[in-house]
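Shown next, in structure tokens, is the structure this report addresses.
Values quoted throughout were computed directly from the atomic coordinates according to the rules given, and no laboratory measurement underlies them. Values in this document were obtained by computation on a predicted structure and should not be read as measured data. Here the Cβ positions follow ideal geometry from the backbone for every residue, glycine too, while neighbour counts run over all protein chains shown.
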Amino acid sequence: MIHPTALVASGARLGRDVRIGPFSIVHANVELGDRCEIGSHCEIGHPTARAEGRPLVLGPGALIRSHSVFYEGSTFGPGLVTGHQVTVREGTIAGERLQIGTLGDVQGTCRIGNHVRFHSNVQVNHRTTIGDFVWLFPHVVLANDPHPPSELLQGVTLEDFVAVAAMSLVLPGITVKRGALVGAHSTVTRDVEPDTVVVGSPARVLGPTQAIRLRDGSGRPAYPWRRHFSRGYPDDLVRAWLDEFGAGRIDDPLLD
């Protein structure tokens, strides 16, 4: 399961059925859960004094694709999946089934919930807090320095079910509340209320998310998105969403 060219430190703790690809390095202060798969040319558990001795912990079933670097001192729940050339610094605590797209950059000391999905080229800066079921689309930046360059760091907070569309910037210290939508190419300079759409630079309130209709001819509300989208989510969550909105309100092949 370990390629002959891989370097695995003797102190690393590996679960069952772990796979490590060509030319990858696994440092000593690392715990890999069962069925983890590390692609080629990765560095897992890069040493840093900022980790203060804490290990890098990857939960069961992690898939780390090639040329990715994870520092020691972070903990990830089961089912982590990355694209290629991902960087994750120390001090991050993430829940289950986090997805980080290609060229994603997580700068550490972050808190990330369950079932969060980052598309490619997303940058998440220090002290960010992200809830459950959050979507960040390509080239989103969550900033943290209100007076760059400075030592004053103020992380962004994204609550549950938030979606931030492509090429948007959320400024330091901003809170985007539950179920809100940030439109593409927006710069968010103020807190966003729950279930609200904001667009523009600076972002302005467009209205409630429920006013947006699916462009499939049905006329159904596009938000909350879990009314009609559940691909890749566990069956028990989909059932809970069915109960929330009423049976038959979610169209999903898992339920056929």
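Results, tabulated for the structure shown:
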read-out: Relative contact order (%) - criterion: Cα under 8 Å, at least six apart; region: the chain; value: 7 percent
read-out: Gyration tensor (Cα) of the chain, equivalent ellipsoid semi-axes in angstrom; value: 34, 23, 14
read-out: Gaussian network model of the chain, springs between alpha carbon atoms under 10 Å - residue of 127, 54, 239 with greatest fluctuation; value: 239
read-out: Within the chain: Cβ-based charge dipole about Cα centre, in debye rounded to nearest 20 (Lys, Arg +1; Asp, Glu -1); value: 340 debye
read-out: Sorted by Cβ neighbour density within 10 Å, fewest at the top, the residues 7, 242; value: 7, 242
read-out: MRE, 222 nm, helices only [DSSP H, n ≥ 4, -39500 (n - 2.57), over the chain, to nearest 500]; value: -1500 deg cm²/dmol
read-out: Farthest toward positive dipole pole in the range 7-215 [+1 Lys/Arg, -1 Asp/Glu at C-beta], among 158, 119, 94; value: 119
read-out: GluC sites (Glu not before Pro), loop per DSSP, at most 14 other Cβ atoms within 10 Å - longest free stretch of the chain; value: 152-256
